[in-house]
Amino acid sequence: MKITAIKTEKVTGNSESTLITFLDRSLNSFPENSVLVITSKIVSLLEKRVFEKNHEDKEGFIESESEYYLEAEESKYGIPLTIRDNTFLARAGIDGANTNGVNVLLPKDSYQTAKVICAYLRERFEIKNVGVIITDSHSLALRRGTTGITIGWSGFKAIKAYEHEKDVFGHTFSSHLNLVDSLAGAAVAEMGEGNEQTPLVLISDIKNIEWSEQSPTVEETTFFFPSFEDDLFAPLFNFSKLKKGKRGKA
């Protein structure tokens, strides 16, 4: 697998660019059978999904942007813990680093954005097999530091199933490779978290990938994201303490 970070211009919430014009300037070529990984912050800045750092109702944004949340006093560190897009995130992904003085929300619809970018890449570079991942950074339980996580994707299957294959000793087994988050983690490691100014990553020569011309279906995302009750680690959590955010309401 080949992972290449792409240095770009600086982007702020005042930029007059759209995501497509930004990509026009940032990409000179794009090979067939490759995945473009984009940090969610760039998407949000170009969508103008920002608010001032001194805004008096930051907690209101956290509730609005969360499907579920715990208030700050529940955390030893005074940080609201949230679930957004089936992902454990601090502060609903709201972040003020590398933003030039504003707080940035997560994109409005990362799946739709990934779908649009896939179509753009296919048309511009006259290719067929292309994937897009929108990423964010998050913290893992029982681990220090952040890693990359997917909050939207398009163009390929997120999971490789092994139910009908055999291990090295010829035995059958049941397992699934979470390919999309594996790629997201590798890409975010290459992007970095500081002043690298590389919000785009190109991944090519990918094993175990199955390309798809459509975005993930409801059936695919339902399988990929288990419910609270069906999650392997559910016994470790007290979900009754969670409050339902506005994003999770019909």
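Each value in this text was obtained by applying a stated rule to the coordinates, not by laboratory testing. Keep in mind the model is a prediction, meaning the values are calculated, not measured.
Which option, (i) 17.7; (ii) 18.5; (iii) 19.2, is the value of Kirkwood radius over Cα pairs in Å that was calculated from these coordinates? The listed entry that was calculated here is (iii).
Residue pairs exceeding 22 angstrom between C-alpha atoms, taken from LYS108/LYS244; LYS10/LYS207; LYS76/LYS241; LYS2/LYS157: LYS10/LYS207. Considering helices alone, the calculated mean residue ellipticity of the chain at 222 nm is -7000 deg cm²/dmol, with DSSP H runs of length four and up weighted by -39500 (n - 2.57) and normalised per residue.
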